[in-house]
Amino acid sequence: MGIADFVRDLFNPDLAFLPKALLMAVMASVVCGVIGCHVVLRGMAFIGDAVAHAVFPGVAVAFVLQGSLVIGGAVAGVITAVLVAVFSQNRRVKEDAVIGVFFVAAFALGIVIISRAPGYAGSLQQFLFGSITGIPDRDLVTVAVTGVVLLSLTFLLHRQFVAVSLDREMARATGLAVFALDLVLYVLVTLAVVISLQTIGNILVLALLITPAATARLLTDRLGVMMLLAPLIGATGAVVGLYVSWTWDWPVGGTIVLVLTAMFLVAWTAAPRHGLLARRRVATPDVHPRAPALAEGAE
Amino acid sequence: MTVVSVRDLEVDLGGRRVLEGVNLDVDRGEFVALVGPNGAGKSTLLRSILGVLQPTCGRVSVLDRPPRKARASLGYVPQRHEFAWDFPIDVDHAVLSGRTGLLGVRRRPGVDDWRAVTGALERVGLVDLRRRPVGELSGGQRQRVLVARALAVEPDLLLLDEPYTGLDLPTQELLAGLFAQLAADGHAVVMATHDLLGALTGCSRLVLLDREVVADGAPVELTDPAPWCRTFAVGPAHPLLALIGASPLVSVPERVASVNGGS
């Protein structure tokens, strides 16, 4: 199936779920791309992973109670994020250990809750791996509004987040509320994860947060550029991923992640300054004058 | 004029007494070295002056205000490894980040802020590298970025935590000249350091710290070996004592005398 067919299907009223899925995936990847920059630069990918799993019990409760999955997931994710932030103030147990405790516990709770619900196997799979069907219009609006709020907050607090990422002690000394800023960032990550769950699924959502930002980091040394590139890369991955998934009937979440991973690998190889090929080129002049001498020495 | 005043400071960290009965006044124009072994409380003293540590007892004031109210007067230069050098940011914005706390959430950086950044970069001699990503700088340049970031708030007091660590001698000399110049221009400069030679030759005053102030004075006044032996737990034959001119075999190094004669 060609791209023309995909575009035709997008406008086919019988396939109304398809443009909704596309819109959902693009919105999610844009928000995740921007917030993911802070996650990647601060080296808190593991926190992202934790939050992604932590939203599961909330989504499960919302599913059982027929409520909004977005709100349910957000509540559970925020509670877990706050618990992690509070418990990791105790220096005896490091943050990653606290996260390890809470996110698996949350995920376990989610599995227990959802196993009590009718039609359990199908819904479990949908949560874990994502789905392009069955997105209610209501969710589309929720995601759009949440996304705008998240991006606005990220831009508003941009300089504060950067100052904390650069140097926590200095940030504290200059009067920034470091703990509160950490908390806000965790909550932003949580909400970004929650609005992305629908199409890409709980297990793979981390890729939407990390991979585009990491790819963008390889391509630039400027934060501003990185924060433009990451959502662009994420959105491209979402569109191409959905197209491939629709064309060959591959699972949508997995396909989007694989497309993003392919882009990361291309950037890692061919990035203008820090890519594998660029480093080879830079290294070459150093190698050449020495090579004959080394060869002589070997003989 | 006194910039920092520390009175009967006592600090406990994790149930352990780290500082006890510390008194210290630093005036404008002074370049003070805090020296002492690891765990002597040098960083703790700096962090107390900075207002990020709450003292158990005693009082710290900066220009007659508690440190938390005097943030615009405080410039802090942490140890180099505290800064995320792999962050994609150029020198300009790294220096500007020192003003984040002053700006608050709603105010955007304006003309005054950029003027302060340029001024700070001129002081440390990094104007030419202002567009360079911080990850591409050498150790000495990185240290100067941190100094510029501290100067970006146009402080009265500069607190330096081991600025010479891991730097070669020419770079140390360059920085020492910069710090002395900043003091001469009316800043109060306090530096925690393990570099005793640098402290003796470059600073106007030394404070020997080992949980409490063991000795406090200009390098030429500190030729009595007893406080040095006590602070660093060394015997009377240790080469350190030759360095300070306290050994009976060696006279006061001329350089030490000349530095203090000049100040």
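Which one, B:124, B:214, B:95, has the greatest fluctuation when you compute a Gaussian network model over chain B with C-alpha springs under 10 angstrom?
Among B:124, B:214, B:95, the largest GNM mean-square fluctuation belongs to B:214.
I'd like the Kirkwood hydrodynamic radius of chain A, using the inverse of the mean 1/r over distinct C-alpha pairs, in Å.
20.5 Å
Over the Cα atoms, compute the radius of gyration (one decimal) and Dmax (the largest Cα-Cα distance, rounded to a whole number) for the range B:46-130, in Å.
Both quantities, over Cα of the range B:46-130: 15.1, 46 Å.
Using a ≥ b ≥ c from the Cα gyration tensor of the range B:44-191 (square roots of the eigenvalues), is it rounded, prolate or oblate, where a/c under 1.5 gives rounded and otherwise the larger of a/b and b/c decides, a/b for prolate?
oblate
Evaluate peptide B:86-98: per residue, the Cβ atoms of other protein chains within 10 Å of its Cβ; return the mean as an integer.
Taking the mean over all residues of the peptide, I get 5.
Based on DSSP, what percent of beta bridges with both residues in the protein assembly as shown are antiparallel, to the nearest 5?
The antiparallel fraction comes to roughly 55 percent.
Can you check what the net charge comes to around residue B:165, using other residues whose Cβ is under 14 Å from the Cβ of residue B:165 (Lys, Arg +1; Asp, Glu -1)?
Neighbour charge sum, excluding residue B:165 itself: -2.
Under the rule of at least 5 residues apart or a separate chain, name every residue whose amide H is placed under 5 Å from the amide H of residue B:27.
B:3
Could you tell me which of rounded, prolate or oblate describes the range A:175-271, using a ≥ b ≥ c as the square roots of the eigenvalues of the alpha-carbon gyration tensor, with rounded for a/c under 1.5 and, failing that, prolate when a/b is larger than b/c and oblate otherwise?
oblate
Taking only DSSP H segments of four or more residues, each worth -39500 (n - 2.57), what value at 222 nm results for the protein assembly as shown once the sum is divided by all its residues, to the nearest 500 deg cm²/dmol?
Theoretical 222 nm ellipticity from helices: -18500 deg cm²/dmol.
Test of understanding: in a Gaussian network model of chain A with alpha carbons linked when under 10 Å, which of A:66, A:126, A:160 would top the mean-square fluctuation ranking?
A:66
Hey, if you put +1 on the Cβ of every Lys and Arg and -1 on every Asp and Glu Cβ in the protein assembly as shown, which of B:118, A:28, A:48 ends up farthest toward the positive end of that dipole?
A:28
Over all directions, how big on average is the projection of the convex hull of the alpha-carbon atoms in the range A:87-175, in square nanometres?
One quarter of the hull surface, i.e. the mean projection, equals 9.2 nm².
Could you pull out every whole DSSP H run in chain A that spans at least 24 Å of Cα extent along its own axis and averages 1.0 or higher on the Kyte-Doolittle scale?
Working: long enough: A:17-41 (35 Å, 2.06); A:69-87 (27 Å, 2.63); A:95-115 (30 Å, 2.17); A:137-156 (29 Å, 1.49); A:178-200 (34 Å, 2.30); A:223-248 (37 Å, 1.58); A:252-270 (27 Å, 2.05).
The qualifying helices are A:17-41, A:69-87, A:95-115, A:137-156, A:178-200, A:223-248, A:252-270.
What net charge do the residues around residue A:248 carry, taking every other residue with its C-beta under 14 Å from that of residue A:248, with Lys and Arg at +1 and Asp and Glu at -1?
Charge balance near residue A:248 sits at -3.
Would you mind checking the radius of gyration and Dmax of chain B based on alpha-carbon positions, in Å?
Radius of gyration, then largest Cα-Cα span, for chain B: 18.6, 64 Å.
Check cross-link reach from residue A:94 to the lysines: straight Cα distance under 30 Å, and skip same-chain residues fewer than eight apart.
B:42
On a full-extension model of 0.36 nm per residue, what is the gain between residue A:277 and residue A:23, subtracting their alpha-carbon distance, rounded to one decimal in nm?
So the chain would gain 87.9 nm between residue A:277 and residue A:23.
Just to be sure I understand: with springs between alpha-carbon atoms less than 10 Å apart, which residue in A:50, A:105, A:216 has the highest mean-square fluctuation in the Gaussian network model of chain A?
Looking only at A:50, A:105, A:216, the largest GNM fluctuation is found for A:105.
Quick note: the coordinates plus some simple rules give every number you see, no bench work behind them. This is a predicted model, so every value here is computed, not measured. A quick note on method: Cβ atoms are made from the backbone with ideal geometry, for glycine too, and the neighbour counts reach across all protein chains shown.
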